[in-house]
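S.K.: The structure follows.
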Amino acid sequence: MIIVDSSIWINYFNGKNSQKTDWLDEALGIEPIIMGDIILTEILQGFQNDKDFKTAKMLLLEFPFVEMLGQEIAIKSALNYRKLRQKGITVRKTIDVMIGTFCIHHNFALLHNDRDFDALEKFLNLKVIKI
């Protein structure tokens, strides 16, 4: 299974072409992509007009949907954040630790464009899609 971070989806919806958005475009309908609640929130909160919001919501809810946090992942996320801090690394956004921890826990690959995930890949074995 593959999780696509909001950093990719936002660029995709804004028409910002990159190798990663091109990969996503080609993977749609072929690769096993799932949508998580945290990522759905991050994507949808950025839409300015109601029509685009409704269209994106309809499209994104076509993917298999998962709740990403819960008690177990919340605690593991805190532990992972602390492990990184002990190595002198501060992840800028706690939400990225939650997403990364969810992927690590379930052995899902992550497609992202956010440097916060680099430390999770390097020190916590987060699997990422390399483009």
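S.K.: Mind checking which residues of region 91-109 are crowded, with 23+ Cβ neighbours inside 10 Å and under 18 Å from Leu24 (Cβ atoms)?
M.R.: Ile99, Cys103
S.K.: Of everything in region 51-66, what is more than 21 Å from Asn113 (Cα to Cα) and in a loop (DSSP other than H, G, I, E, B)? Give them in sequence order.
M.R.: Matches in region 51-66: Leu61, Glu62, Pro64.
S.K.: Given the residues Gln48, Gln71, which is the only one that is assigned to a loop (DSSP other than H, G, I, E, B), free of Cβ contacts under 8 Å to residues at least 24 places away in the same chain and surrounded by fewer than 18 Cβ atoms within 10 Å (Cβ to Cβ)?
M.R.: Testing whether each residue is assigned to a loop (DSSP other than H, G, I, E, B), free of Cβ contacts under 8 Å to residues at least 24 places away in the same chain and surrounded by fewer than 18 Cβ atoms within 10 Å (Cβ to Cβ) leaves just Gln48.
S.K.: Using the structure shown, decide if Val128 is at pLDDT 95 or above, of a type in the set (Val, Ile, Thr), farther than 20 Å from Thr21 by Cβ and surrounded by 12 or more Cβ atoms within 10 Å (Cβ to Cβ).
M.R.: no
S.K.: Among the residues of region 1-41, count how many are free of Cβ contacts under 8 Å to residues at least 40 places away in the same chain, under 21 Å from Arg115 (Cβ atoms), of a type in the set (D, E, K, R) and in contact with a helix residue (DSSP H, G or I) (Cβ under 9 Å, 6 or more places away or on another chain).
M.R.: Of the residues in that region, 1 qualify.
The values are calculated or read from the model by the stated rules, or taken from the named source; none is laboratory data. Bear in mind that the values here come from a model prediction, so they are computed numbers and not experimental data. Note: ideal-geometry Cβ built from the backbone for every residue, glycine included; neighbour counts use all protein chains shown.
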